[in-house]
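Quick note: the coordinates plus some simple rules give every number you see, no bench work behind them. These numbers come from a predicted model, not from an experiment. Here Cβ is always computed from backbone atoms with ideal geometry, including for glycine, and neighbour counts include all displayed protein chains.
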């Protein structure tokens, strides 16, 4: 990978995605578990646009969310993130749901995007080599389809079979389309919070669980009753997950916070949760802290965990949206063909 492609992707991120303009202040946070060269390249791209970047490096923390506060320079980090115009987070131990994050979001000034653990290959492949406008349009159509659906069912060949109801008053979020201050994620993802107590069934996780594991070697089975994990089974990794969830002594850690479509044609299962959540046809189940942007009932918990399920079949009010990991709804078929052909 040469520096030209890295800089091109970095410039595309700051200019086309984050919409950075001259004289804006850009904070780039990273930690010792991340690729510092990516942070420097983004800073160089911001400088080329006439902006004023600041790179903040800290030690990687062993956990995320509120539980990581004790590892952070809270006062300094809060001051930086609350006063900057743009915040690009590359931290492997991501800062979302931490106290500095909460304070920055409450001020309401910053445009923040989460790119946890991004390395050179990821920024080039997931940003530099994608038609951003096409993926935005796919996300909008998927969001429109989902917003019009009341009852959903998701199944997989490995045994996932779960149903839930959507609240028409809650948003279906299209990620990566930056419009003013707020919290943003990388495009290639459409997510929402179903009515929590309506979620019932079984989820068989076969991709990634982060934290505390990463790529799975064997599936983990989660039984969900009224939106809460009631049973965890599987091999040794299932035991690791259950022990980690129980370590917080927080019942909210077992509650379903969101569900997500992965729809990035260049994403592959890599062990990095930001990429894994966007694998084509994947579904991500989040547990624990729930962002205010979902307009749900949970709020913050001690931490947050994302579980990636591959090759889903998804029904909305009985109509097929995704079949065996591919988007087949009539409203997106032609766009899918163009997007995958261009990727």
Check: In whole Å, what three semi-axes, largest first, describe the equivalent ellipsoid of the stretch 3-128 built from its Cα gyration tensor (square root of 5 times each eigenvalue)?
Finding: 23, 17, 11
Notebook entry, point to check: When averaged across all projection directions, what area in nm² does the alpha-carbon convex hull of the stretch 13-67 cover?
Noted result: 4.2 nm²
Note to self: For 208, 99, which order do you get if you count the other beta carbons within 10 Å of each Cβ and list the fewest first?
What the structure shows: 99, 208
Next item on the list: When a/c is below 1.5 the answer is rounded, else prolate if a/b is larger than b/c, else oblate, so apply that to the stretch 70-115 with a ≥ b ≥ c taken from the square roots of the Cα gyration tensor eigenvalues.
Entry: oblate
Next item on the list: With r as the distance between the Cβ atoms of residue 337 and residue 57 and R0 = 41 Å, compute the FRET efficiency 1/(1 + (r/R0)^6) and round to 0.05.
Entry: 0.45
Note to self: Just want to confirm a number: the relative contact order over the chain, from Cα pairs under 8 angstrom separated by 6+ residues, in percent.
What the structure shows: 15 percent
Next item on the list: Determine the principal axes of the Cα atoms in the stretch 258-343, then give the extent along each, sorted from largest to smallest and rounded to whole angstroms.
Entry: 41, 33, 20
Notebook entry, point to check: What FRET efficiency, computed as 1/(1 + (r/R0)^6) with R0 = 35 Å and r the Cβ-Cβ distance, is obtained for residue 300 and residue 133, rounded to the nearest 0.05?
Noted result: 0.55
Notebook entry, point to check: In deg cm²/dmol, rounded to 500, what helix-only [θ] at 222 nm does the chain give when every DSSP H run of at least 4 residues adds -39500 (n - 2.57) and the total is split over its residues?
Noted result: -7500 deg cm²/dmol
Item checked: Most to least packed among 211-223, 327-339 [average Cβ atoms within 10 Å] -> 211-223, 327-339
Margin query: What percent of all Cα-Cα pairs in the chain falls into each 10 Å bin, going from 0 up to the bin containing the maximum distance?
Written below: 6, 27, 36, 24, 7, 0
Check: How large is the Kirkwood hydrodynamic radius of the stretch 137-264, in angstrom, based on all distinct alpha carbon pairs?
Finding: 15.9 Å
Notebook entry, point to check: Translational D (Stokes-Einstein, µm²/s) of the stretch 70-164 at 20 °C and 1.002 mPa s when Rh comes from the Kirkwood sum over C-alpha pairs?
Noted result: 128 µm²/s
